[in-house]
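Okay, so here's the structure we're looking at.
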Amino acid sequence: MSATATAPDTGTADPLLRVEDLTVELGRGAAARRVLKGVSFDIPRGSTLALVGESGSGKTTLARTLVGVHRPSGGRILVDGAPLRAARGREGAATVQMIPQDPYSSFDPRRTVAQSLAEALDPVRARVGPVRTRIAELLGQVSLDPDGMDRYPHEFSGGQRQRLAIARALAPRPRFVIADEITSALDLTTQAEILNLLADLRRRLSLTMLFISHDLAVVRHVSDTVAVLLHGDLVELGPTAATFAEPEHPYTARLLASVPGDPRFRLDGEPAPA
Amino acid sequence: MATDPTVRRRRRNPSLLAGAVILGLLVVVALVAPPLLSGSAETLTDDARLGPGAGHLLGTDAFGRDVLARALVATRLTLLMAAAATAASFVVGVAIGALVHLAPGWLRETCLRLIDSAVAFPSLVLALVIAAVLGPGTGSAIVAIAVAGVPGFARLTANLAATVADKDYVLTARLLGVPGPRILARHVLPNISGPLLVLLSSSFTLSLLDISSLSFVGLGVQSPQYDWGRLLNEALPSIFAQPSVVLAPSLMLIVTGVGAMLLGDGVASLVDPRTRGTAPAPTAAPDAADAAGTAAPAVVSRPPGAAGADAEPDGLLTVAGLTVRAGDRTLVDDVSFTIGAGRIVGLVGESGSGKSTIAMAVAGLLPEGVRADASRLALGDLDLLGTPPGRRLATEIGIVYQDPIGTFNPALRLGTQLTEVARTHLGTPRRQARRDMARALADIRVTEPERRLRQHPHELSGGMLQRASIASAMTTNPRLLIADEPTTALDVTVQAEVLRQFRRINREHGTAMLFISHDIGVVGELCDTVLVLHGGRVVDRTTGRDLRRGTVTHPYTRALLAATPAAVEAGATLSAVRWTADTPPAQPAGTPPYEAPLDGTPPDGLSPDGLSDTAADRPPAAEGSR
């Protein structure tokens with residue numbers, strides 16, 4: 001089943017990213033599992049699609065397919081109308097970047113922040129000297145003190161590292177960015193900082209972003225459109241506000257009612273099937 | 001921090017220092033001994049087989065040559081041979097191990113298998129075979145030992161590279177367009193250099209021993225040249241008549257080996273920026289617990305007004321003045337609360353706030369080296385201070401942990417594990433215990449309970465396992481159930497189900513609960529009373545209802561709520577205001593707390609979002625536990 005609701009506001013005339021009937025199988029032979037089953041969606045230029053799903057829904061597989069780690073077994077991925085090749089080198093880097101989930105394993109512990117960012121600017125030689133001003137600029141963009149660029153990742157807190165990861169992903173000026181559960185390892189206040197930073201960057205840089213999360217409450221703050229994955233099927237796709245107010249699919253409704261703090265949340269009452 | 005960082009680094013690294021000194025002395029000996037001592041070491045005299053004495057400290061050999069001088073002169077040749085062999089196997093082995101990773105899948109697998117089987121072959125036997133084929137001699141001994149050492153380096157490099165290649169930073173580098181060989185040189189090799197250096201030093205020691213063994217059996221260095229192995233070989237016939245002859249070469253071998261190992265360890269910790277004694281992080285702060293320990297002790301962590309409400313007459317769990325220290329760090333500072341029978345009390349706070357430590361202190365499960373003091377810590381008539389009887393502790397307190405998968409032994413069937421408490425502490429017969437557990441599982445909505453008892457933990461989902469561990473914790477019908485982040489690892493729909501089960505148990509059995517969570521929404525829904533913790537202290541006491549309605553007054557609690565995505569209107573800015581430990585403590589009840597303008601400028605003590613914040617969300621010190 002593939003929901004093909006159209007994207008909101010800007011219209012479908014100019015989608016930066018178009019995913020058509022994407023099917024991905026992982027494993028070979030008898031162990032092969034179909035993780036994504038014909039998923040289709042568009043992300044218009046400058047907008048953010050939130051992809052929500054619980055564990056096993058295939059959301060991380062989708063992200064990894066978009067960056068070329070997995071090869072789709074069916075369907076197409078188009079960027080500006082052209083098929084996305086598993087491009088390597090600078091061209092690939094300037095197409096899509098990913099902000100990984102765990103801020104503690106996404107930086108080489110033996111390289112300074114400046115070295116890591118220099119690699120994002122010049123993948124082959126990765127020399128810090130010529131790009132120091134650009135690095136300072138990138139750090140400023142994510143509200144980090146440029147004076148800290150010669151320090152090592154372990155000297156930064158989780159929230160600061162996630163800022164660094166965002167700066168690194170933006171360095172090659174990619175056409176779109178994938179944020180894979182980037183706040184799930186963070187404390188509440190730090191999460192709020194990162195979400196505010198993302199909202200700010202979306203406004204200032206008109207980022208096109210795929211924001212992946214298991215947390216419905218979080219995506220409400222950062223997305224224009226929301227898509228819900230259930231066991232590899234896209235069961236819901238629509239504008240964020242409308243979807244939160246009136247979900248179409250029962251699973252989306254159940255997800256919404258499971259968020260503690262949501263008015264629909266009930267502890268006593270009807271037990272849902274396990 | 002007046003001391004020069006390099007000085008501090010060396011002081012912290014005694015093994016590096018010791019290793020460097022030992023090997024340095026050996027190198028000096030290797031350089032100096034041959035020109036100075038070759039006379040007495042190689043001239044044949046008539047003083048054959050002298051015992052230790054003034055002229056010859058360790059005596060002389062069968063040809064009247066000084067034994068000590070020979071051992072010292074042999075240092076040069078022995079060290080050179082061992083170093084050459086180790087260097088050759090290091091270079092070749094690391095190259096093979098690294099290049100394997102650039103190869104396509106099938107070739108890589110084949111190579112890895114070949115390396116594995118080569119490692120399984122004893123290196124000395126391999127060296128003996130090679131040396132026998134090449135013929136005895138110094139050069140062939142070096143080649144033999146070098147080849148024998150290659151598989152060890154190749155396998156370690158390949159294995160370590162495989163783990164590093166899975167890290168996010170390698171994936172990210174690939175996305176950034178960094179070519180494969182560069183990734184290898186820039187990210188993979190530096191990050192595996194620590195273990196490789198340790199292997200290098202132990203491999204040097206092994207090469208030393210193996211080369212000496214070859215010389216000892218006559219396949220290595222040939223007369224008139226001599227190394228330590230050759231000396232041992234020559235000394236063997238007279239070992240009983242003149243034991244002092246073997247002493248010098250043996251001692252030299254041992255000292256060299258120890259020196260190499262010490263140096264390897266020291267270098268390994270030196271090249272890692274994480275263990276290098278650099279200055280602390282720019283933004284790293286005294287972490288939360290430290291700050292709590294050093295702040296003024298006059299802080300009132302329990303508002304006097306609330307004290308009366310706390311001292312409920314039927315208080316089941318009483319915690320008064322609980323302080324937990326690890327060394328000189330205070331993890332929990334003067335925390336007091338009570339849980340009435342049938343009540344659910346929530347502890348909420350961010351990482352490092354001490355919430356789990358409180359729970360573990362109540363359960364008597366604090367790790368070694370962590371000390372809890374309290375003026376009173378009691379569950380009904382059971383005093384939890386000191387050493388309460390284990391059986392009562394096990395039957396009166398039930399515990400549910402965060403990670404349902406880690407809670408169970410993967411090798412045992414669930415039935416065995418779930419009925420363990422009933423069988424050992426209650427003495428219930430096995431069959432009865434299984435029947436009870438099946439019923440309890442059905443109550444908590446585990447599907448097909450009978451079959452589950454025969455399954456292994458990996459066959460169940462996380463939500464099912466967490467239900468099972470709750471059912472297990474409820475076996476003894478405990479008076480208090482401690483739940484430490486029980487839903488954090490679960491999906492949101494599963495979390496809602498599990499929370500419903502906690503509520504049901506509380507309603508049906510009247511079990512009191514101490515519920516720990518970082519999620520203010522969760523504690524708001526489930527708990528009657530909520531303690532908000534920060535830096536090891538209770539900064540606010542509120543109720544679940546107030547949290548749900550948002551009618552909380554304390555600035556920190558309000559800041560937490562305002563940072564909660566579910567509690568804030570979409571589009572509105574989330575509050576990322578940080579509450580620092582120097583903030584004035586909780587106001588006594590009655591005095592109105594100052595208003596925290598959550599949308600505008602922060603009041604004193606609330607530092608705005610940004611780099612200036614010092615309370616790191618997760619202090620680097622906590623990283624090791626990840």
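The values are calculated or read from the model by the stated rules, or taken from the named source; none is laboratory data. This structure is a prediction, so every number in the text was calculated from the model and none was measured. FYI the Cβ positions are ideal-geometry reconstructions off the backbone, even for glycines, and counts take in every protein chain you see.
Quick notes on this structure:
- Near pairs, Cβ below 8 angstrom, 6+ apart or cross-chain, from the range A:123-143 (aliphatic (A, V, I, L, M)) to any residue that is in a loop (DSSP other than H, G, I, E, B) and surrounded by fewer than 18 Cβ atoms within 10 Å (Cβ to Cβ): A:V124/B:P179; A:L139/A:D145
- Counting only residues that are away from chain B (no Cβ under 13 Å) and closer than 20 Å to A:A169 by Cβ, the range A:66-78 holds 1 of them.
- B:T416 fulfils the conditions (1) over 30 Å from B:G315 (Cβ atoms); (2) part of a strand (DSSP E or B) except for a single criterion, (2).
- Filter result for A:D180 (surrounded by 18 or more Cβ atoms within 10 Å (Cβ to Cβ), touching a Ser or Thr at 6+ places or on another chain (Cβ under 6 Å), within 24 Å of A:R64 (Cβ to Cβ) and among the acidic types (D, E)): no
- Identification of helices (runs of 4 or more DSSP H) wholly contained in the range B:160-254 with 2 or more residues that are farther than 29 Å from B:V150 by Cα yields B:168-175, B:228-235.
- Within the range B:525-553, considering residues that are in contact with a strand residue (DSSP E or B) (Cβ under 7 Å, 6 or more places away or on another chain) and without any contact (Cβ under 8 Å) to a residue 40 or more places away in the chain, the one farthest from B:D403 (Cα to Cα): B:V552
- Residue list for the range B:458-489, filter: closer than 15 Å to B:D519 by Cβ, assigned to a loop (DSSP other than H, G, I, E, B) and modelled with pLDDT of 85 or more: B:E485, B:P486, B:T487
- Residue satisfying all of: in the range A:96-141; acidic (D, E) and more than 20 Å from the chain's Cα centre (by Cα); farthest from B:L184 (Cα to Cα) among these: A:E137
- A:G81 being at the interface with chain B (Cβ under 10 Å from one of its Cβ atoms) and modelled with pLDDT under 85: no
- For the range B:432-482, residues that are away from chain A (no Cβ under 14 Å) and of a type in the set (G, A, S) total 6.
- Residue list for the range A:110-141, filter: on the phi < 0 side of the Ramachandran plot, out of contact with any Leu (no Cβ under 9 Å at 6 or more places or on another chain) and facing another protein chain (nearest Cβ under 8 Å): A:R110, A:R111, A:V124
- Qualifying position, being within 16 Å of B:I405 (Cβ to Cβ) and of a type in the set (D, E), among B:E497, B:E448, B:E459, B:E508: B:E459
- 3 or more residues at pLDDT below 65: qualifying strands (runs of 3 or more DSSP E) within the range B:490-607: none
- Count - residues of the range A:93-109 that are touching a residue at least 12 places away in the same chain (Cβ under 8 Å), assigned to a loop (DSSP other than H, G, I, E, B) and either facing chain B (nearest Cβ under 7 Å) or touching a Cys at 6+ places or on another chain (Cβ under 8 Å) (or both): 7
- Residues in the range B:221-231 that are out of contact with any Ser or Thr (no Cβ under 7 Å at 6 or more places or on another chain) and crowded, with 19+ Cβ neighbours inside 10 Å: B:Y226, B:L231.
- Boolean, A:D42 is modelled with pLDDT of 85 or more, away from chain B (no Cβ under 14 Å) and more than 25 Å from A:R173 (Cα to Cα): no
- Boolean, B:L80 is assigned to a helix (DSSP H, G or I), out of contact with any Ser or Thr (no Cβ under 9 Å at 6 or more places or on another chain) and under 16 Å from B:L208 (Cβ atoms): yes
- Qualifying positions in the range B:454-472 - in contact (Cβ under 8 Å) with a residue 12 or more places away in the chain and more than 17 Å from B:E497 (Cβ to Cβ): B:R454, B:Q455, B:H456, B:P457, B:H458, B:S472
- Residues located in the range A:51-69, provided they are buried (at least 19 other Cβ atoms within 10 Å of the Cβ) and either part of a loop (DSSP other than H, G, I, E, B) or modelled with pLDDT under 85 (or both): A:G53, A:E54, A:S57, A:G58, A:V67
- Of the residues making up the range A:119-133, those that are crowded, with 19+ Cβ neighbours inside 10 Å and in a helix (DSSP H, G or I) number 4.
- Taking the criterion of being part of a helix (DSSP H, G or I), farther than 16 Å from B:Q417 by Cα and of a type in the set (D, E), the only residue of the range B:431-457 that qualifies is B:D443.
- When B:A616 is tested against (1) under 27 Å from B:Q402 (Cα atoms); (2) of a type in the set (G, A, S); (3) in contact with an Asp or Glu (Cβ under 9 Å, 6 or more places away or on another chain); (4) modelled with pLDDT of 50 or more, only condition (4) is not met.
- Those strands (runs of 3 or more DSSP E) of the range A:142-257 in which at least 1 residues are more than 9 Å from every other protein chain (Cβ to nearest Cβ) and over 15 Å from the mean Cα position of the chain (by Cα), considering only elements entirely within it, cover A:225-230, A:233-239.
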